[in-house]
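First the structure, in the form of structure tokens, and then the observations on it.
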Amino acid sequence: MRLTLPIIVLSQFFCTSLWFAGNSVIADLAKELHLETTVLAHLTSSIQFGFITGTLVFAILTISDRFSPSIVFFISAILAGLFNLGMLINAIGLTEILLFRFLTGFFLAGIYPVGMKIAADYHQAGLGKSLGFLVGALVIGTAFPHLLKSFTVGFPWKYIIYSTTTLSLLGGLMILFFVPNGPYRKQGKKLKFTTFLKSFKEREFRSVAFGYFGHMWELYAFWAFVPLMLTAYNLHYPNVKLNVPLYSFLIIASGAISCIISGLISQRYGAKKIAIISLLLSGICCLASPLFLFSNSVVLLLAFLFIWGITVIADSPLFSTLIAQNAPEESRGTSLTIVNCIGFSITIVSIQIINILSNTINSQYIYVVLAIGPIMGLFALRKRNHFSLNL
């Protein structure tokens, strides 16, 4: 029992390393296949769209509530890892790459929200702290391919794909053999296609869900474009030679620390209050970005990006905690999954908007658009929704 959370956290880290595996090798992939570097947005959107589709299917079929979440996690980890390997097929084209990224994302739907469901089944008290560690693992897993890339300069990019697939298989096996169903699990009894909408009847659930949606507008767009922010800085200042993969890893992974800290201090001050503060700070970073992205001081640039990387994710485990606490016990896994589905749908919109704006607007100013999310999220959290749903 004492080792359950560390095992879940480590497994989550291993499996979510698949998420940005394609992004970390995009430069090599573009060079080998003669693709435009703007394919990054399509690559990211493809895996996001797969995750969205997967979460929608998992939610409608209430899979993580009707079946053992540990087995769902294991099967999903195996399939996601195998589809990740699909990128290594000889003479593969862009269409096939996007398809394999989509399928990898589809089965990540059985890893990230299901991992939170497993944690919630083991920890009712101190759930915020537990999810802080869990989301921290997601952050490091997401950033990890960039670290691999920085260590494998000069080696074939395919090594990163092999490594992340191996980690996913290992993570799935760890959950299967060492994490049985939790003591607080309440199994869903029958399939009902409207179960995934049930939680939205509750006003407080809607409030925190919409706060989460605002958070997601900013989060993945920031993560996806950190390498491009650093690359643009190198181009703007030719004498500066920032190690883009290494700093991308460090900036994204720094958020793991804030997830753990926010989860711990939420035990004293409340998850909602800390989530509001975090969302406010990251929104300020969006608005302030033009002042720092092309600063003539590289120290100032990096300090700003680290602060943004820390604040942009600190509220994530708190929103997951609030969503789990305000969802019906028998459909907690489904509620977490459908909120993830909507949230990740929003990430595609923000990523594509940034991609479109990058062709017409100076990159110094385009990331101000990300402030829309925190602003809307803060409004949802401070003023509860007064409409009702007749489901």
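Some points to look at:
- For segment 214-318, trypsin sites (Lys or Arg not before Pro) meeting the loop criterion (DSSP other than H, G, I, E, B) and having at most 16 other Cβ atoms within 10 Å: K241.
- Cα centroid separation, segment 1-33 to segment 345-374 (Å): 25 Å
- Close amide-amide hydrogen proximity is noted between V240 and no other residue 5 or more places distant or on a separate chain, at a cut-off under 5 Å (H modeled in the peptide plane; Pro and chain starts excluded).
- Comparing I26, I323, I265 in a Gaussian network model of the chain, where Cα atoms under 10 Å apart are tied by springs, the biggest mean-square fluctuation is seen for I265.
- Cβ-derived FRET efficiency at R0 30 Å, H34 paired with L82, nearest 0.05: 0.65
- With respect to the chain, whose longest principal axis is taken over its alpha-carbon atoms, helix 372-382 is tilted by about 30°.
- Computed over the chain, the per-residue total of -39500 (n - 2.57) for DSSP H runs of n ≥ 4 gives a 222 nm mean residue ellipticity of -24000 deg cm²/dmol, rounded to 500.
Read-outs: derived from the displayed coordinates by stated rules, not from any lab. All values reported here derive from a predicted model rather than from experimental measurement. Reconstructed Cβ throughout: ideal geometry from the backbone, glycine too, with neighbour counts over all protein chains shown.
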